[in-house]
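Data first, discussion second: the structure below is written as structure tokens.
Readers should treat all values here as calculations from the given coordinates under stated rules, not as data from a laboratory. Just so it is clear, the structure is predicted and the values come from calculations on it, not from any experiment. Cβ coordinates were reconstructed from backbone atoms using ideal geometry, including for glycine residues, and neighbour counts include every protein chain displayed.
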């Protein structure tokens, strides 16, 4: 009951936004996205026996080169356009399944708070250019034994968080008055991400959403 009371004010605000938007003549978009984010592998490696960092190509035969970032991602986003060509937004993207990272597995998450500029915003299409900042979180897991079978479950081993700068561009196409599809390209610069991959992350996704308010 305490958890419900804790988040109740946020839920009420979220439910009230579409009503406020309709009254003011602005728009509020909610959407779900599917795609991928990619970053090249760094020059490091991980010892498959100990999990320690190592240098590939040396005498350590158990040193495996660290992988690149890829795989399927999904996310949720919300955009509030307080003017026809200007707005604010939030975007969160995560990998629903764990990916292999030598002796470990990991799940990558990105989140951003953005300013939005829409130089083209008509009834049928909108070009949205966004930029802002957020973070990148890499959750690392280790296999554990469960039910006498080793490696069929995992537990959190470490979380590495980094600041991230985000830029994106998408074309929002309305298939009805309120339902839209938005192909989008994203770029993130993540300082310190070389501990896992490289600093430059590119992404492509398709977002499906609904616009509240009069357009």
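Counting other beta carbons within 10 Å of each Cβ, put 86, 28, 76 in order, fewest first.
Neighbour counts put them in this order, fewest first: 86, 76, 28.
With the calculation restricted to Cα positions, what are the radius of gyration and Dmax of segment 104-215 in angstrom?
Calculated on Cα positions, Rg and Dmax stand at 18.9, 60 Å.
Suppose the chain between residue 48 and residue 169 were pulled fully straight at 0.36 nm per residue; how much longer would it get relative to their current alpha carbon spacing?
Result: 39.6 nm gained on full extension.
Based on alpha-carbon centroids, what's the gap between segment 79-105 and segment 149-215 in Å, whole number please?
Cα centroid to Cα centroid, the span is 3 Å.
Taking other Cβ within 10 Å of each residue's Cβ, how do 194, 59 sort, fewest first? Could you put the intermediate results ahead of the total?
Details: 194 15, 59 6.
With the fewest neighbours first, 194, 59 line up as 59, 194.
Fewest first, what order do 65, 128 take by the number of other Cβ atoms within 10 Å? Please list the in-between numbers first.
Details: 65 16, 128 24.
Placing the least packed residue first, the sequence is 65, 128.
What distance in nm lies between label points placed 7 Å from Cα along the C-beta direction at residue 62 and residue 122?
Using points 7 Å along Cα→Cβ, the separation is 6.4 nm.
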